[in-house]
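K.L.:
Have a look at the structure that comes next, please.
Values in this text are rule-based calculations from the coordinates and carry no lab data. If you're wondering where the values come from, they're calculated on a predicted model, not measured in any experiment. With ideal geometry, Cβ positions are generated from the backbone for all residues, glycine too; neighbour counts draw on all protein chains shown.
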Amino acid sequence: MDYKTIENSTAYKLDKNCCTVVASSIAFDVPFEEMQTYFFKHGRKRNRGYWMRKIIKEIAKDYGYKITTFLKEKKYNTKGSYFINTETNEKSLNNCFLTVNNCSSYLGKGTYILGVSRHVLTLKNGIVEDWTKGRKHRINKIYKVEKIGKKVKSLTFADEFKNRKSFF
C-alpha cells in the first residue's frame, strides 16, 4: 500500500481529513477501504479527523503489530530537543530538529507513523508516504510500527472437528 494508490482511489476522494486512515493503511499494510471501515466502526465520522493516539494501540493489537511511542521533549536553556520512549523513558535523537524533509536520514529503515501539528503521516523504509513529503513540518510524535507475527484466529472444537479428514 502506498500514498499514490490511495490518493487515486474513489474512497479517498469522497473523504476529507482522513490522514489517520491513510497513515494507518500504509503503516499496517491494509487496504484503505478496509481501514476506513475500521475507523468508522470505532466512531470516526466521514470528512472528520480522528486522533491517532485514541486508536493506534487497538489497530496494532488487531493486526498483529507492536507500537513504540516517542514523544518530543524540549530542552530548556539550550537549542534543540530530544524524544523520549514512553515505555522505557530513554532519551534519543538528541539535538535534532526532526522535520518531514529530514526524518528519513535520522530514522532510516522501518515503518513509522509521524505526528506533526494536526496531521499524521507514514515513513516506510525511508520514504515519506504523504503530501507533506519534502516539507519542513516539525515532527512532535513518533510511533514505531513493528510486525510481531501473523494474527491467527483460534478454532473452536466444532471448527476443528469439521476440518478433520475422515479415516474410513
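K.L.:
Expressed as a rounded percentage, what relative contact order does the stretch 1-155 have, with Cα pairs under 8 Å and six or more residues apart? Please list the in-between numbers first.
P.N.:
On the way: 263 pairs, mean separation 36.3, N = 155.
Dividing the mean separation by the residue count of the stretch 1-155 yields 23 percent.
K.L.:
Tell me, what ³J(HN,Hα) does each residue in the stretch 33-48 have, in order and in whole Hz, if you take phi through Karplus 6.51 cos²θ - 1.76 cosθ + 1.60 with θ = phi - 60° and put x for Gly and Pro?
P.N.:
Once rounded to whole Hz, the list reads 4, 5, 5, 4, 4, 4, 5, 4, 5, 9, x, 6, 9, 4, 6, 10.
K.L.:
In sequence order, what are the phi-derived ³J(HN,Hα) couplings for the stretch 22-31 according to the Karplus relation 6.51 cos²θ - 1.76 cosθ + 1.60 with θ = phi - 60°, rounded to whole Hz, with x for glycine and proline?
P.N.:
5, 4, 5, 4, 6, 5, 9, 6, 10, x
K.L.:
May I ask for the net charge around residue 3, where only other residues with Cβ less than 11 Å from the Cβ of residue 3 are counted and Lys, Arg are +1 while Asp, Glu are -1?
P.N.:
Here the charged neighbours net out to -1.
K.L.:
Let me ask something else about it. Collect residues whose amide H, placed 1.01 Å from N in the peptide plane, falls under 5 Å from the amide H of residue 140; neighbours closer than 5 in sequence don't count.
P.N.:
115, 116
K.L.:
With respect to the cross-link table entries 45/147; 13/133; 41/109; 16/54, which display a Cα-Cα separation exceeding 26 Å?
P.N.:
45/147; 41/109
K.L.:
Would you kindly derive the ³J(HN,Hα) couplings of the stretch 59-68 from the backbone phi angles with the Karplus curve 6.51 cos²θ - 1.76 cosθ + 1.60 (θ = phi - 60°), listing them in order in whole Hz, with x for Gly and Pro?
P.N.:
With coefficients 6.51, -1.76 and 1.60, one gets 4, 4, 5, 5, 9, x, 10, 10, 10, 10 Hz.
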